[in-house]
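**Q** If you scroll down you'll find the structure; I have some questions about it.
No value in this document is a laboratory result; all are computed from the given coordinates. Here the structure is a predicted model, which is why all the values come from computation and not from measurement. Please note: Cβ atoms are built from the backbone with ideal geometry, for glycine as well, and neighbour counts cover all protein chains shown.
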Amino acid sequence: KSWVCAWGTAEPTAASRPSHHRPSLGVSRGEQVPLAAESVDVAVFCLALMGTNLQEILGEANRVLKLGGTLMVAEVASRFEDTHAFLKAMTQLGFRTVSKDFSSSYFYLFEFAKKGPVRPGPAPGLRL
């Protein structure tokens, strides 16, 4: 069974495809997702990096994602002080950058793949 877990400010809407093609969807607004470790194929963060506990929230995404799982992030461009520092922090949180899109002046889009567990210690580049 495939799982997609979404973090963000909006409620999910049902897909229009037949149910046998639709993965299960879980939604979270915090750092404790009621799913087993390494049980999720895709985690989506859409306007979800607004809090002050980014390391905990992104660490929880790492926990529930399967190894090689995908983390998609869409965030307001003006929130980023230093995108290079953010990408470096994501490496410390166990993610590899697959793609980044800065073509919009309003939103930045990132795709990451889980490469391993979160490394101990703070990830200072997460200040948005």
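**Q** Under 13 Å from the Cβ of P122, count the other residues' Cβ atoms, weight Lys and Arg +1, Asp and Glu -1, and hand me the total.
**A** Around P122, the charge tally is +2.
**Q** From the phi angles alone, apply the Karplus equation (6.51, -1.76, 1.60; θ = phi - 60°) to the stretch 77-82 and give each ³J(HN,Hα) in whole Hz, x where the residue is Gly or Pro.
**A** With coefficients 6.51, -1.76 and 1.60, one gets 4, 5, 6, 8, 7, 8 Hz.
**Q** Calculate, for E81 and Q32, the FRET efficiency according to 1/(1 + (r/R0)^6) with r their C-beta to C-beta distance and R0 30 Å; round to the nearest 0.05.
**A** Using R0 = 30 Å, I get an efficiency of 0.65.
**Q** I would also like to ask the following. What distance in nm separates the simple spin-label points at L47 and K66, each placed 7 Å from Cα in the Cβ direction?
**A** It is 3.1 nm.
**Q** Moving on to the next point. With a point put 7 Å past each Cα toward its Cβ, work out how far E111 is from T97 in nm, to one decimal.
**A** 1.5
**Q** Now for a different question. Around F110, with a cut-off of 10 angstrom between Cβ atoms, what is the net charge of the other residues, counting Lys and Arg +1 and Asp and Glu -1? Show your work: numbers first, answer last.
**A** On the way: positive: K100; negative: E75, D101, E111.
Its environment carries a net charge of -2.
**Q** Next question, about the same structure. Enumerate the amide H contacts of A6 below 5 Å, restricted to partners 5 or more residues apart or on another chain; note that Pro and chain-start residues carry no placed amide H.
**A** Hits under the 5 Å cutoff: G26, V27, S28, V44.
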